[in-house]
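The values are calculated or read from the model by the stated rules, or taken from the named source; none is laboratory data. Quick caveat, the model's predicted, so the values are computed rather than measured. All Cβ positions, even for glycine, are placed from backbone atoms using ideal geometry, and neighbour counts span all protein chains on display. Side chains included, ligands, DNA and RNA excluded: accessible areas come from the protein's heavy atoms. Shrake-Rupley method; radii C 1.70, N 1.55, O 1.52, S 1.80 Å.
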Amino acid sequence: MNSNPLSDALAMRATASAFDAQRGKLPVPGDPHRSPDRVAVARQISELGKMITDLGDEVLFRAADQDREGHTARIITSFAAAVRPAGEAASALGAVAHQLSFLDQTEHLRDQPDARDAREAAVRVMDDALGTADVALREAADSLHAASATVSPPSVRFQAARSRSTTAAPAPGPLPPDGALEAAAPQDRIARSR
C-alpha cells in the first residue's frame, strides 16, 4: 500500500464527508419528505455497515503494511476511533427499524388505548434513536476532519476559499473620513455590492 500524509488525509476527509452525507439522509419525524421509512432506514443501516467495513479495511491495510510511515499510527488511531460512533449510529438506526416494524404490526390496533400508548412510546423511542444517530455521525465526521488536518493541512486553495466565507470573514477596517462614503456612492449601493 502506498501511504503518504496527503493520501491519508484525503482518505480521512472522504470518509468524513461520507459520514456527513449519511447524517444528511437521516429521517426527520414530522417531515413528509424525510419521515422514517422502513426501506430507507434499512438501506442506511446497510450503508453504515459498509462504511464500518471500510474503516476496518483502512486500519487493516495500514497495520499490515511493512513499510509504515511515521504518521501511520495516527491514521490507524483516527480510523479505528471512528468505528465506535459509526457503530452507535447503525445501532440507533436498528432501533428505529425495530420501532417502525412494531408500528406496522400494530397499525390495526391504533384505536385501542393500550396500543395507542405503546405506539406513542415507539415514536418517542424512534425520535431518541434518530437523535443518537445524528450525534454519532457528527462525531465520526468531525473527528476524521480534525485528524486529517493534523496529518496534512488543508490546501492553500481550500484555506483561501474558507477565508472568503461569510463565517470566516475578517473584521472590517477603519471607516474613511466623514463625507468620503457619501461622495463615493449612496449607502444602499455599498451594502448591495458586498
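Odds and ends about this structure:
- Residue under evaluation residue 31, criteria (1) closer than 20 Å to residue 138 by Cβ; (2) modelled with pLDDT of 95 or more; (3) surrounded by fewer than 19 Cβ atoms within 10 Å (Cβ to Cβ), criterion not met: (2)
- The lone exception for residue 74 - which of (1) in a helix (DSSP H, G or I); (2) under 18 Å from the mean Cα position of the chain (by Cα) it fails: (2)
- Cross-chain or 6+ apart pairs with Cβ under 8 Å, segment 45-66 first and farther than 16 Å from residue 23 by Cβ, then open to solvent by 60 Å² or more (accessible area, probe 1.4 Å) and aliphatic (A, V, I, L, M): 61/1; 62/1; 65/1
- Among the conditions (1) in contact (Cβ under 8 Å) with a residue 12 or more places away in the chain; (2) surrounded by fewer than 16 Cβ atoms within 10 Å (Cβ to Cβ), the only one that residue 11 does not satisfy is (2).
- Residue match in segment 42-65 (condition: more than 30 Å from residue 4 (Cα to Cα) and touching a Pro at 6+ places or on another chain (Cβ under 8 Å)): no
- Where a residue in segment 87-101 is under 14 Å from residue 40 (Cβ atoms) and its partner, wherever it lies, is among the small types (Gly, Ala, Ser) and open to solvent by 30 Å² or more (accessible area, probe 1.4 Å), with Cβ under 7 Å and at least six apart: 97/42
- Failed criterion for residue 16 (all others in (1) buried (at least 20 other Cβ atoms within 10 Å of the Cβ); (2) not in a helix (DSSP H, G or I) hold): (2)
- Among the residues listed as 83, 59, 96, the single one being assigned to a helix (DSSP H, G or I), closer than 13 Å to residue 130 by Cα and open to solvent by less than 80 Å² (accessible area, probe 1.4 Å): 96
Quick grid of which residues meet (1) of a type outside the set (Asp, Glu); (2) open to solvent by 50 Å² or more (accessible area, probe 1.4 Å):
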| residue | (1), (2) |
| --- | --- |
| 20 | no, yes |
| 27 | yes, no |
| 42 | yes, yes |
| 77 | yes, yes |
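- Scan of segment 103-143 for residues that are within 21 Å of residue 90 (Cα to Cα), loosely packed, with under 14 Cβ neighbours inside 10 Å and among the basic types (Lys, Arg), ordered by number: 124
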